[in-house]
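Here is the structure we will look at.
The values are calculated or read from the model by the stated rules, or taken from the named source; none is laboratory data. All values reported here derive from a predicted model rather than from experimental measurement. Methodologically, a virtual Cβ is constructed for each residue, glycine included, from the backbone with ideal geometry; neighbour enumeration extends over all protein chains shown.
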Amino acid sequence: MAKVILLSGSPRAKGNTMLVMDACAEIIRQEGVEAEVISLHDKKIRSCIACYRCGELGRCSIDDDGLNEIIEKVKAAEGLIVGAPVYYGTARGDLMSALQRIGMVAGRNGRWLSWKVGGPIAVARRGGLSASYQEMLMFYFISEMIVPGSTYWNIVFGKEPGTAGEDVEGMETVKRFSANVAKLIKKLHG
Ligand SMILES: Cc1cc2nc3c(=O)[nH]c(=O)nc-3n(C[C@H](O)[C@H](O)[C@H](O)COP(=O)(O)O)c2cc1C
């Protein structure tokens, strides 16, 4: 069965980003596509060290906190959705570090992210959502991935854990986006 990995970039185990990722995973399952949510909350992800050894190793040379296992899961899946809390107007650093290392490993090993389907979701109290969404899109497009749209951009408002669920329009937008990810995967791999 086709599968989508949903990567939450929040340090909170039960924060807003996880709430959003869980809701998106549920929609994907309803479409008949497998979904697995992976959280970075208990992981410390270093930034890429530019050693360029991933081309010879087939994985990242840094063996920290299971990122290589996550990379293998992303490689095996047909889809990848990432969610980030916005910190000072940008996507949280650990998530961007993970994306840069995933992108480098894939790019130097046959460009295996090409034609995977997915996209980013930004979560914040109030500001920097569009900039963070765009920042994460850079990873998708240089990796030759396919990003479906929705009825709005993938941004959800929420401050205290759980409040993202009260942003009705935001939740509807990302759920529709997630359904579109699953539908597109079925078209491509059905
Ligand atoms: C260090 C830090 C910086 C933040 N910067 C912003 C920001 O620039 N804009 C904003 O709207 N919210 C900002 N927030 C609030 C979070 O984005 C918001 O609480 C979000 O819901 C956290 O998601 P989470 O529960 O998944 O961790 C910041 C929070 C922290 C801890």
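Considering only residues that are loosely packed, with under 14 Cβ neighbours inside 10 Å and within 16 Å of the ligand (Cβ to nearest atom), which ones fall in the range 15-43?
ASP42
Checking the condition of a type outside the set (A, V, I, L, M), assigned to a helix (DSSP H, G or I) and out of contact with any Cys (no Cβ under 6 Å at 6 or more places or on another chain), which residue from ARG29, ARG12, ARG111 passes?
Being of a type outside the set (A, V, I, L, M), assigned to a helix (DSSP H, G or I) and out of contact with any Cys (no Cβ under 6 Å at 6 or more places or on another chain) holds for just one of ARG29, ARG12, ARG111, which is ARG29.
Quickly run through the range 109-159 and pick out the residues that are hydroxyl-bearing (Ser, Thr, Tyr) and either within 16 Å of the ligand (Cβ to nearest atom) or under 14 Å from the mean Cα position of the chain (by Cα) (or both).
SER130, SER132, TYR133, TYR140, SER143, listed by residue number.
Test of understanding: among ARG101, ARG92, which residue is basic (Lys, Arg), within 16 Å of the ligand (Cβ to nearest atom), within 27 Å of ARG12 (Cα to Cα) and modelled with pLDDT of 95 or more?
Criteria check complete, one pass: ARG92.
If PRO11 meets every condition in (1) under 24 Å from VAL181 (Cα atoms); (2) within 15 Å of the ligand (Cβ to nearest atom) apart from one, which number is that one?
Against the list (1) under 24 Å from VAL181 (Cα atoms); (2) within 15 Å of the ligand (Cβ to nearest atom), PRO11 comes up short only on (1).
So that you can scan it fast, the table gives a plain yes or no per residue for (1) touching a Gly at 6+ places or on another chain (Cβ under 9 Å); (2) farther than 27 Å from ILE155 by Cα; (3) surrounded by fewer than 16 Cβ atoms within 10 Å (Cβ to Cβ):
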residue: GLY58; (1), (2), (3): no, yes, yes
residue: GLY66; (1), (2), (3): no, yes, yes
residue: ILE70; (1), (2), (3): no, no, no
residue: GLY89; (1), (2), (3): yes, no, yes
residue: SER97; (1), (2), (3): no, no, no
residue: GLY103; (1), (2), (3): no, no, no
residue: LYS116; (1), (2), (3): yes, no, no
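Considering only the range 126-157, state which residues are out of contact with any Pro (no Cβ under 9 Å at 6 or more places or on another chain), in contact (Cβ under 8 Å) with a residue 12 or more places away in the chain and closer than 23 Å to PRO11 by Cβ.
ARG126, GLY127, GLY128, LEU129, SER130, ALA131, ILE155, VAL156, PHE157
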